[in-house]
1. Could you sort Thr101, Thr68 by accessible area so the largest value comes first, with the probe set to 1.4 Å?
2. Just subtract the alpha-carbon distance of Thr105 and Ile256 from 0.36 nm times their residue separation and send over the number in nm, one decimal.
3. Considering only DSSP beta bridges whose two residues both sit in the chain, what percent are antiparallel, to the nearest 5?
4. Can you tell me how region 1-102 classifies by the Cα gyration tensor, rounded, prolate or oblate, using a/c under 1.5 as the rounded cut?
5. Using a simple spin-label model with points 7 Å from Cα along the Cα→Cβ vector, what separation in nm is obtained for Val14 and Phe121?
6. Normalised by the number of residues in region 1-116, what is the relative contact order in percent for Cα pairs under 8 Å and 6+ residues apart?
7. So what's the angle, to the nearest 10 degrees on a 0 to 90 scale, between helix 179-192 and the longest Cα principal axis of the chain?
8. Have a look at Leu176, Leu24, Leu32 and tell me which one the Gaussian network model of the chain (Cα, springs below 10 Å) gives the largest fluctuation.
Amino acid sequence: MTLNQNEIENLVYVAFLAGILLILWLLRSPWLKGKSGEFWVKLSLRRNLDESGYQILNDLTLPIRGGTTQIDHVIVSRYGIFVVETKNLSGWIFGGANQKTWTQTFRRKKFKMQNPTHQNFKHVKAVQELLRIPQYKIHNVVAFVGSARPRTIMPSNVVWSIRELVRYINSFDQVLLNEDELSSISIQLSEGALSPSRKTHRSHLNHVKAQSGQLGASKAKCPRCGSEMVERTNRNSQNRFLGCSMYPKCKGTRRIG
Ligand SMILES: [Zn+2]
């Protein structure tokens, strides 16, 4: 079968339209939103923090008693170690420094979540136990990198954009660690961190399942789109479950345990 000029042009046109539709569909997918969120955080940190002064480690898996814990970003500098938990969420956020649970609200829905600074404190402890340095040299930072906005007065270590995250990190100028300490910390972190292989991922998930009450299901993945899951409470039954962080775009849920 041979195609004449016209038919070829039509085929090219259809393929072009299909390509555009595929791209539009991908851009709307929560999976890509989640992935691009992580990508932008990594890129912005690398581009906006002076390379010689700040060592950036992404997606670190550290051992803790009875399992492992996964940390989004650890930034090592003379001004201390920044342990960063990122939250790619939308909606309005209500909470406070000492409140155990925070609330994420949408027009018609409301979810409770563990205070993310408390959740990240477990990561701070894991870093502290590995490095054996005083806690004041480790900074607990929570960065909301989605469209979520605060509706209550929030602690200063909770930031609401990647730009604010960079500004917050740069605002520390008191030297807390000397060169010798920094190089030993680098070595300890790279040796102490478990490779993010399938195996550590699986043992992490099991651990999360076992301890979801205390740890929060920090890095379980959505069965629909692969984004991070957050622990939520059903308003009527008070049952806890895992919901997709991309809600309302994705309504994936998972049972705890
Ligand atoms: Zn999802």
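The values are calculated or read from the model by the stated rules, or taken from the named source; none is laboratory data. Treat the numbers as computed from the prediction; the structure is a model and nothing was measured. FYI the Cβ positions are ideal-geometry reconstructions off the backbone, even for glycines, and counts take in every protein chain you see. Only protein heavy atoms, including side chains, enter the accessible area calculation; ligands, DNA and RNA are left aside. Shrake-Rupley method; radii C 1.70, N 1.55, O 1.52, S 1.80 Å.
1. Thr101, Thr68
2. 52.2 nm
3. 75
4. Verdict is prolate for region 1-102.
5. 6.2
6. 11
7. Helix 179-192 and the main axis of the chain meet at about 60 degrees.
8. Comparing Leu176, Leu24, Leu32 in the GNM, the peak value goes to Leu24.
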